[in-house]
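Peer 1: This is the structure, below, for whatever I ask next.
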Amino acid sequence: MDFTIPQEYEILRKMVHDFVVERLDPISQKVEEEDEIPPEIIKEMAELGFFGLPFPEEYGGGAVSKLGYALFLEELGASSACFSNLIAPHVSLATSSVFIGGTEAQKQKYLPPMCAGEKLGAFALTEPNAGSDAANIETRAEKKGDKWILNGTKNWITNGSIADVVIVYALTDKNLRARGGITAFIVEKGFPGFRVGTVDVKMGLRGSHTAQLLFENCEVPEENVLGEVGMGFLTAMKVLDGGRIGLAAGAVGGAQRLLELSIQWANTRVQFGQPIANNQAIQWMLADMAMEIEAARLMTYKTAWKYDQGLKITRDAAMVKAFASEMACHVADKAVQIHGGIGYMREYPIERAYRDTRILKIYEGTNEIQRMIIARDLLKVGH
Amino acid sequence: MLNIAVCVKQVPDTEARLSVAADKTRIEEQGISFILNPYDEHAVEEAIRLKEKQGGTVTVFCLGPARAEEAIRTALAMGADKAVHLADAAFGGGDEGTAAAALEKAIAGKSFDLVLAGRLAIDDASGQVGARLAEKLGWPHVTAVTRLAVEGREAVANREIDGGSQVVAVTLPAVITAQRGLNQPRYPKIPDIMKARRKEVAKVTPADLGLSGGEVGGAGAKGKVAGLAPAPGRSAGKVIAGEPADAARKVVGLLRDEAKVI
Ligand SMILES: Cc1cc2nc3c(=O)[nH]c(=O)nc-3n(C[C@H](O)[C@H](O)[C@H](O)COP(=O)(O)OP(=O)(O)OC[C@H]3O[C@@H](n4cnc5c(N)ncnc54)[C@H](O)[C@@H]3O)c2cc1C
Ligand SMILES: Cc1cc2nc3c(=O)[nH]c(=O)nc-3n(C[C@H](O)[C@H](O)[C@H](O)COP(=O)(O)OP(=O)(O)OC[C@H]3O[C@@H](n4cnc5c(N)ncnc54)[C@H](O)[C@@H]3O)c2cc1C
């Protein structure tokens, strides 16, 4: 077993680390207050290739493996979560939908501008009555002449209010549903009948926006059926499998940052005449944080490695998603505890991270759904 | 058209916690990461900018162990075209003289117009290799440059001196070493990091350069590191309370009697 990170990914990691420390960390408090990532920073990230890294060069991507992509999100995840919540849904969910489910013509048309960050993508599956039970979506798509007509509502769509390209999952056959009745559509901003509804007010993730998307007799040309009619659910499940690795990687990076801040604080904060780090109670919290982070990191790398080998990762991806997100919540809670009162204050990044981390157990499939996936596989396979 | 050589070194990460190795002459390399020397990053950036404006090539030269390839590939990802890596174990353990001698053999006679290097490498901070290389090549050199303009066969370089700046004009070919402020090095783009894997990095041995084993590395060095010690830790400061006038008097007293600096 070789744990060496390939040289190009060490270089990639260093670049992202420097970018995080020099460009993102200094503005993260401002982003929190203004609920907006400055456009010039988005442009800079686009120029560096952040929006297309795991896709082939021929489509304008960076040709980075899943492992490389995970290392990238681990570094990016160290800063405010809004940055990875801009990139990951665009890359892991929207652009990946086109790459995994799209026709060659669609890949050639949409991937280059999406990889370049010129067109921002969103992935629209969730609906008011279909969250965990994604196969229960109600958005309908009906063929009228050479067009498809979409009607329905999508909820909590990350980047939905600013996206240029939205991958919309809709019902094309009520009887078939998950077994061939769901189809994905590439909807562009400006298609007649598509509009953005309310932008949500959330617990955290300020700077990242989720919105309701409304389709009212929205007209979609035939060539914008993603791949084939009826293949949507399969595409969505494959996309989400891969996305979970990215979510876990971001969780690891965020938790690592909290560990480092906690070590620094424990070494400098003096109570009872000595640094609080001298107390075993604090030391054990730090040790527990480090153990869980390391376990999640290794699971992330291994799942990414399996993905790169073309192996089936459904169970691994579900395990690492649930494990890493719970790890991140444990670590965030301990980080607040070690910081005491200051950890509860808005002026300090710990409080922000505590709120931002909570979503990890909910989106991209709740952790209960992950356990369902794991258990189903366990009971089928027997080990 | 400018053919530019850039000398780069891989050094411990500025964020790394350094400790002295058991033999007390080297730093402990286990568990620390290495980076492209920050001053060399400025040199690489300047070379790429000159190439972008005037055309030509940028070739990276690096003397260092196998791990130094990461620094080389970083420079290639930033936009250098190809590299020469003096990676043979025999090059190890040398001093500034053997480094400059080996680099001179690698660079001389290849029709380079300009050599760029960092002002110093942050690891042993001797700041000699650029100037020694220029001497060996018989070319003019300007050190610690904060601004560089190349027109035709002339290079005009600004260098910071105490309380001002000095402008030096030299005829190419020349050696220029970079100071902070020369430019803002770019971040390598992700697709370029991946493409840099395919760029040529030639590995050369002392024999390839026409050097004997005795002329390179530890065998050829005129000096060797006899010992390495960490900087002494700072002791806790002293807070002097009281009225400003009294406190100032106490400080002066301590500076005179205790610290013996006035
Ligand atoms: C900030 C944010 C961003 C989001 N971004 C996107 C996006 O970009 N695209 C998108 O399509 N969606 C997005 N979502 C939606 C997200 O994926 C859903 O919220 C998630 O899948 C859960 O669905 P739900 O909220 O409807 O919860 P529900 O499905 O109603 O679940 C409620 C609770 O019941 C549990 N539960 C449900 N069914 C079972 C069961 N069978 N067994 C045991 N427990 C069960 C769940 O685990 C959960 O604890 C986002 C959500 C948020 C909050
Ligand atoms: C919202 C809010 C309201 C507040 N209201 C009031 C108020 O009305 N009046 C008031 O007086 N104060 C108030 N406080 C202050 C509050 O009581 C303190 O924040 C709390 O006592 C912890 O102190 P600290 O924040 O300085 O943390 P620290 O004492 O610095 O503790 C940091 C960490 O070190 C641990 N630690 C410290 N010493 C030891 C040890 N010997 N062994 C093991 N672990 C140790 C702590 O448990 C904690 O995990 C408030 C704080 C907040 C956040």
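Peer 1: Pick from A:E32, A:E44, A:E58: which is within 11 Å of chain B (Cβ to nearest Cβ) and in a helix (DSSP H, G or I)?
Peer 2: Checking each option against the conditions leaves just A:E44.
Peer 1: Let me confirm something: among B:R67, B:R73, which residue is at pLDDT 95 or above and farther than 15 Å from B:A196 by Cα?
Peer 2: One residue alone meets the criteria, B:R67.
Peer 1: Separate question: Please list, ordered by residue number, the helices (runs of 4 or more DSSP H) wholly in segment A:80-162 having 3 or more residues that are farther than 21 Å from A:D241 by Cβ and more than 16 Å from ligand 2 (Cβ to nearest atom).
Peer 2: Here the list reads A:81-88, A:104-115.
Peer 1: For segment B:1-56, enumerate the residues that are assigned to a loop (DSSP other than H, G, I, E, B), touching a residue at least 40 places away in the same chain (Cβ under 8 Å), away from every other protein chain (no Cβ under 14 Å) and open to solvent by 70 Å² or more (accessible area, probe 1.4 Å).
Peer 2: Once the filter is applied, which keeps residues that are assigned to a loop (DSSP other than H, G, I, E, B), touching a residue at least 40 places away in the same chain (Cβ under 8 Å), away from every other protein chain (no Cβ under 14 Å) and open to solvent by 70 Å² or more (accessible area, probe 1.4 Å), segment B:1-56 yields B:M1, B:L18, B:K24, B:R26.
Peer 1: Quick one: which residue in A:L247, A:L213, A:L259 is more than 16 Å from ligand 1 (Cβ to nearest atom), out of contact with any Pro (no Cβ under 9 Å at 6 or more places or on another chain) and modelled with pLDDT of 95 or more?
Peer 2: Just a single option satisfies the conditions, and that option is A:L259.
Peer 1: Same structure, new question: Would you be able to tell me the number of residues in segment B:79-97 that are in contact with a strand residue (DSSP E or B) (Cβ under 9 Å, 6 or more places away or on another chain) and surrounded by 20 or more Cβ atoms within 10 Å (Cβ to Cβ)?
Peer 2: So the answer is 9.
Peer 1: Quick one: which residue in A:F72, A:F50 is within 14 Å of chain B (Cβ to nearest Cβ) and part of a helix (DSSP H, G or I)?
Peer 2: Only one candidate passes the filter, namely A:F72.
Peer 1: Also, quick follow-up: Go through segment A:264-287 and report how many residues are at positive phi and either more than 8 Å from ligand 2 (Cβ to nearest atom) or outside the structural domain of A:H339 (by TED's automatic domain parsing) (or both).
Peer 2: 1
Peer 1: Follow-up. Open to solvent by less than 10 Å² (accessible area, probe 1.4 Å) and out of contact with any His (no Cβ under 6 Å at 6 or more places or on another chain), is that true of A:L67?
Peer 2: No.
Peer 1: Name the pairs whose Cβ atoms lie under 7 Å apart, with the first residue in segment A:118-134 and more than 14 Å from every other protein chain (Cβ to nearest Cβ), the second part of a strand (DSSP E or B) and within 16 Å of ligand 2 (Cβ to nearest atom), and 6 or more positions between them or separate chains?
Peer 2: none
Peer 1: Could you please tell me which pairs satisfy a Cβ distance under 9 Å, a separation of 6+ or placement on different chains, a first residue in segment A:273-291 that is in contact (Cβ under 8 Å) with a residue 60 or more places away in the chain and open to solvent by 70 Å² or more (accessible area, probe 1.4 Å), and a second residue that is within 16 Å of ligand 1 (Cβ to nearest atom) and assigned to a helix (DSSP H, G or I)?
Peer 2: That search, which allows pairs on different chains as well, returns nothing.
Peer 1: Being surrounded by 14 or more Cβ atoms within 10 Å (Cβ to Cβ) and more than 21 Å from the chain's Cα centre (by Cα) narrows it down to one of A:T103, A:T95, A:T126, so name that one.
Peer 2: Testing whether each residue is surrounded by 14 or more Cβ atoms within 10 Å (Cβ to Cβ) and more than 21 Å from the chain's Cα centre (by Cα) leaves just A:T103.
Peer 1: Let me confirm something: among B:A236, B:A202, B:A259, which residue is of a type in the set (G, A, S) and under 23 Å from the mean Cα position of the chain (by Cα)?
Peer 2: Checking each option against the conditions leaves just B:A202.
Peer 1: State which residue pairs qualify: first residue away from every other protein chain (no Cβ under 14 Å) and within 16 Å of A:K312 (Cα to Cα) and inside segment A:359-380, second residue open to solvent by 90 Å² or more (accessible area, probe 1.4 Å) and more than 16 Å from ligand 2 (Cβ to nearest atom) in any location, beta carbons under 6 Å apart, and separation of 6 or more residues or different chains.
Peer 2: none
Peer 1: Are any residues in segment A:333-363 open to solvent by 60 Å² or more (accessible area, probe 1.4 Å) and either of a type in the set (S, T, N, Q) or near ligand 2 (Cβ under 10 Å from one of its atoms) (or both), and if so, which ones?
Peer 2: Of the residues in segment A:333-363, the ones open to solvent by 60 Å² or more (accessible area, probe 1.4 Å) are A:333, A:337, A:344-348, A:354, A:358, A:362.
Those that are open to solvent by 60 Å² or more (accessible area, probe 1.4 Å) and either of a type in the set (S, T, N, Q) or near ligand 2 (Cβ under 10 Å from one of its atoms) (or both): A:Q337, A:Y344, A:M345.
The values are calculated or read from the model by the stated rules, or taken from the named source; none is laboratory data. This one's a predicted model, so the numbers in the text were calculated from it and none came from an experiment. So basically every Cβ, Gly included, is an ideal-geometry build from the backbone, and we count neighbours across all protein chains shown. Ligands, DNA and RNA are stripped out before the accessible areas are found, and what is left, the full protein with its side chains, is counted by its heavy atoms. Shrake-Rupley method; radii C 1.70, N 1.55, O 1.52, S 1.80 Å.
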